[in-house]
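Q: Quick one: structure below, then a few questions.
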Amino acid sequence: MPPRNTSQSPAVLRRKSAPEHTADLLREQITAGELQPGARIGVEKLSQSIGVSANTLREALQLLEHERLVNQELNRGIFVARITEADIRDLYAMRRLLELGTVRTAQTVPPEALRALRAAITLGDDAIADRDWSASSRATTDFHSALISIGHSERATVTMKQLMAELRLTISSVREALQMRSEFQEDRRAILARVEQGHFAAAAELLAEYLDKGERAMIEWHRQLSDSAS
């Protein structure tokens with residue numbers, strides 16, 4: 001009899017709990033902009049609208065608070081997080097550590113990672129053609145999540161998932177100022193081309209320039225929104 005495969009951890013094998021499923025649903029609503037930054041979350045009303053108990057929803061919100069997607073304010077309630085300029089800088093600093101480190105040390109690309117990278121590029125092309133900002137932000141996060149999977153690190157993948165949720169929250173925060181800038185899509189396409197060729201040092205160099213440009217753009221958009229709101 002062949003040996004039992006024990007390579008998967010219990011965390012991978014177990015089923016998700018009701019609060020985790022609820023957190024997944026709310027995370028998508030928040031990062032898609034359906035729940036706006038700064039919006040107050042009414043537990044009773046929201047629990048009824050999504051069909052879960054108030055206790056389940058509260059547990060889900062605790063998970064999202066750990067991910068920095070919601071904030072609980074004493075005597076005021078729970079709110080969708082607002083992204084600050086300091087948050088943007090910190091987010092990009094962490095992305096540089098993870099993404100650049102992964103690409104610079106890569107030796108091979110798993111076939112599933114390559115498929116995911118190509119699918120993200122296709123989604124981005126379609127989003128730009130349709131001027132669909134939500135799909136565009138999803139294509140961006142899909143691309144970078146796939147890029148991290150090159151490193152074969154489960155911990156890096158989990159960390160990147162949280163960072164990408166924060167990135168989509170950041171994008172939703174500036175969506176009124178966000179333009180479907182095809183230059184970012186072309187940058188991702190160029191990075192993918194280097195990865196496909198196995199030229200990881202060149203891919204990392206392009207990625208570093210891309211992250212610098214993305215951070216500058218996010219900060220500029222955030223400042224414009226802050227100025228218009230003041």
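Q: So if I restrict to the alpha-carbon atoms in the chain, what is the Rg, and what is Dmax, the biggest pairwise distance, in Å?
A: In Å, with Rg to one decimal and Dmax whole: 18.9, 70.
Q: Any idea how far apart T105 and D132 come out in nm if each label point goes 7 Å out from Cα toward Cβ?
A: The answer from the label model is 3.7 nm.
Q: Each residue of region 20-35 in turn: what ³J(HN,Hα) in whole Hz from Karplus with 6.51, -1.76, 1.60 and θ = phi - 60°, glycine and Pro shown as x?
A: Residue by residue, region 20-35 yields 5, 4, 5, 4, 4, 5, 5, 4, 5, 5, 5, 6, 8, x, 6, 10 Hz.
Q: Moving on to the next point. Straight-line reach from K161: which lysines have Cα under 22 Å away, leaving out those fewer than 8 places along the same chain?
A: In chain and number order, the partners are K16, K213.
Q: Something else now. Given P37, I83, V103, which one lies farthest toward the positive end of the charge dipole of the chain, if we put +1 on the Cβ of every Lys and Arg and -1 on the Cβ of every Asp and Glu?
A: Farthest along the dipole direction, towards plus: V103.
Q: Right, something else. Work out the length of the dipole vector of region 96-230 about its Cα centre, built from +1 on the beta-carbon of each Lys and Arg and -1 on the beta-carbon of each Asp and Glu, and round it to the nearest 20 debye.
A: Result for region 96-230 is approximately 240 debye, rounded to the nearest 20.
Q: Treat every Asp and Glu Cβ in the chain as -1 and every Lys and Arg Cβ as +1, leave all other atoms uncharged, and give the resulting dipole magnitude about the Cα centre to the nearest 20 debye.
A: Computed about the Cα centre, the dipole is about 580 debye.
Q: Calculated from DSSP H runs of 4 or more alone, at -39500 (n - 2.57) each and per residue, what is the 222 nm mean residue ellipticity of the chain, nearest 500?
A: -22000 deg cm²/dmol
Q: Which of rounded, prolate or oblate describes region 17-80 when judged by the alpha-carbon gyration tensor and an a/c cut-off of 1.5?
A: Rounded is the answer for region 17-80, as its axis ratio a/c remains below 1.5.
Q: Okay, next question. On the principal axes of its Cα set, how long, how wide and how thick is region 37-171? Give whole Å, largest value first.
A: Principal-axis extents of region 37-171 (Cα, largest first): 51, 33, 29 Å.
Q: Now for a different question. List V103, V109 from most exposed to least, where exposure is judged by having the fewest other Cβ atoms within 10 Å.
A: Lowest count first: V109, V103.
Here, each number is a calculation from the coordinates, and none is a lab measurement. Bear in mind that the values here come from a model prediction, so they are computed numbers and not experimental data. No Cβ is skipped: glycine too gets one built from the backbone with ideal geometry, and neighbour counts run over all protein chains shown.
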